[in-house]
Structure formats: C-alpha cells, structure tokens
Amino acid sequence: MKTAFSTLAGAAALALGLIAGPAMAEDAGIIVYNAQHESLAKEWAKGFTKETGIKVTLRNGGDSDFSNQIVAEGAASPADVFLTENSPAMALVEAAGLFAPVDADTLAQVPQEYQPSSGKWVGVAARSTVFAYNKDKLKEGQLPKSLLDLADPSWKGRWAASPSGADFQAIVSAMLELKGEAATSDWLKAMKENFTAYKGNNTVMKAVNAGEIDGGVIYHYYYFGDQAKTGENSKNVGLHY
C-alpha cells in the first residue's frame with residue numbers, strides 16, 4: 001500500500017491518497033516521505049503505531065524534492081506515504097499515474113469540496129489564506145474584498161507576500177482553478193508591480209506587525225502560533241478572511 005497526503009490552497013487541506021505499487025510486508029511497517037512539519041508528522045506516526053501496531057519510518061524533506069523523487073523512482077519507490085502541504089506536488093505525482101484510488105469509505109469522511117475529482121488523494125486538514133493587516137494603518141472598510149483587489153494600483157507598495165515557496169504556488173494554483181488562466185495571469189502581472197517580496201510567511205507577518213507594510217498574504221496559523229506564544233510578532237496584526 002502506498003499512501004499520499006497533500007494540502008489544497010486557500011482553504012488548504014492535507015490529503016490522503018494511495019500510490020500504486022507492491023503491497024508492504026506485514027512486519028516491515030511503512031515509509032513516509034514527509035514534507036509537513038516534522039514535529040506534527042512524528043505525533044501522527046506515533047498515534048498511528050499505537051493504534052495499529054504498524055511501524056512508521058519518516059524521511060523528511062521538501063514538497064517539490066519529494067514529488068520529483070517519487071516520479072523518478074516510479075513504481076520502485078520505497079515510499080508508502082507521501083505527506084505534503086501543497087497540491088502542486090501532489091498533482092505532479094498524480095499526473096505520473098503513481099497513485100492508486102483511495103478507499104471510498106475514507107473519501108466519504110471528507111466534504112466533497114476538499115476532494116480531488118480523481119479520488120486519488122483526500123484532504124485531512126485545512127488552513128486558510130488570509131490578508132494580515134496592521135490595525136493602526138488599515139481599518140475594516142479599507143480592506144480588500146478578495147485577493148484580486150490587490151491588483152489595483154491603489155495597493156502599489158502597500159502589501160507583501162512570500163512568493164518563493166510552495167505555499168504561494170498553492171495559492172496561485174487555487175486562483176488558476178477558480179478564476180481561470182487569464183485572470184490569474186493578469187493578477188500576477190499586477191502583483192509584480194504592486195507588492196513587496198519577503199521570504200516566509202512569518203517574515204511577512206513581522207513586517208506587517210512592525211508597520212513596514214500595510215498588509216500581507218499569509219496562512220492564518222502563523223498568527224495563531226505567535227499568539228499562543230508571546231504574541232510579540234502579531235500584537236498589531238488583524239486577520240481578514
């Protein structure tokens with residue numbers, strides 16, 4: 001059995017699917033190619049082993065690195081499970097025909113809007129794309145109604161994002177699915193003119209908190225993670241969904 005996890009963008013989702021390949025030996029356990037947070041994957045693996053008695057071996061790496069590795073390994077891949085945050089990496093492996101269908105009972109546990117039409121993997125966790133804003137610089141009536149509004153010239157130099165990682169690629173993939181190629185292309189061209197690039201969601205949030213920038217596109221849990229600690233990097237930040 002080979003299983004895959006991924007995340008949808010926007011309301012993103014970790015997902016479960018099966019990679020076509022030879023069945024695992026009963027006493028060998030399973031190998032997980034893990035591109036999720038290592039500490040979270042360890043907790044899932046520990047809980048799975050406690051419930052089933054099946055040993056789990058975690059191999060940790062990046063989304064695109066593992067998806068390309070699985071494609072290169074093909075049916076000979078030792079991976080039983082692919083765990084990743086972002087749908088583009090999952091789509092690459094799916095396009096190579098390396099996933100087997102997910103059991104119908106497993107699919108049924110997840111709302112249909114969080115399932116891929118192929119049924120080759122399924123969402124198991126969710127996150128939201130939000131506009132984090134500095135509460136001293138922007139009031140509720142000044143906030144964008146959607147990501148598309150950030151293409152307007154009035155937002156030039158006023159918003160930030162972290163475009164270099166797989167997280168942002170997932171956001172663009174969601175826009176492509178929902179709005180189409182022309183709208184997505186126009187938005188990216190306008191974004192290039194309007195936005196300020198930072199490296200990492202946390203860095204964007206810190207810049208917003210410090211008043212370096214009015215607002216930024218991030219995933220919601222960075223805010224809540226900081227709030228659960230000292231809150232020093234998010235005390236001036238509001239979240240707009």
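The values are calculated or read from the model by the stated rules, or taken from the named source; none is laboratory data. Predicted model only: the values in this text are computed from it and were never measured. We place every Cβ from the backbone using ideal geometry, glycine too, and count neighbours over all the protein chains shown.
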Exactly one of 203, 184, 196 is β-branched (Val, Ile, Thr), part of a helix (DSSP H, G or I) and farther than 16 Å from residue 91 by Cβ, and that residue is 203
Within region 74-91, the count of residues that are within 27 Å of residue 174 (Cβ to Cβ) and small (Gly, Ala, Ser) comes to 4
* Asked: Just a yes or no: is a residue in region 126-133 of a type in the set (Lys, Arg), surrounded by 14 or more Cβ atoms within 10 Å (Cβ to Cβ), under 21 Å from the mean Cα position of the chain (by Cα) and in a loop (DSSP other than H, G, I, E, B)?
  -> no
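Given the structure, is residue 157 small (Gly, Ala, Ser) and in the same structural domain as residue 81 (by TED's automatic domain parsing)? Talk me through it step by step, then tell me what you get.
Working: small (Gly, Ala, Ser): yes; in the same structural domain as residue 81 (by TED's automatic domain parsing): no.
Against the criterion (small (Gly, Ala, Ser) and in the same structural domain as residue 81 (by TED's automatic domain parsing)), residue 157 does not qualify.
Each row is one residue, and each column tells you yes or no for (1) touching a residue at least 40 places away in the same chain (Cβ under 8 Å); (2) closer than 24 Å to residue 163 by Cα; (3) in a strand (DSSP E or B).
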position	(1), (2), (3)
43	no, no, no
97	yes, no, no
106	yes, no, no
138	yes, yes, no
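Looking only at region 193-235, filter to residues that are of a type in the set (S, T, N, Q) and touching a residue at least 12 places away in the same chain (Cβ under 8 Å); which one of those is surrounded by the fewest Cβ atoms within 10 Å (Cβ to Cβ)?
Among them, the one singled out is 196.
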**Q.** So residue 67, is it free of Cβ contacts under 8 Å to residues at least 60 places away in the same chain, surrounded by 18 or more Cβ atoms within 10 Å (Cβ to Cβ) and part of a helix (DSSP H, G or I)
**A.** yes
Checking 174, 151, 161 in turn, the sole residue that is of a type in the set (A, V, I, L, M) and either without any contact (Cβ under 8 Å) to a residue 40 or more places away in the chain or in contact with an Asp or Glu (Cβ under 8 Å, 6 or more places away or on another chain) (or both) turns out to be 151
Residues in region 76-125 that are more than 18 Å from the chain's Cα centre (by Cα), of a type in the set (A, V, I, L, M, F, W, C) and either crowded, with 24+ Cβ neighbours inside 10 Å or closer than 22 Å to residue 29 by Cα (or both) total 6
The residue that is farthest from residue 234 (Cα to Cα), considering only those in region 144-157 that are over 24 Å from the mean Cα position of the chain (by Cα) and assigned to a loop (DSSP other than H, G, I, E, B), is 152
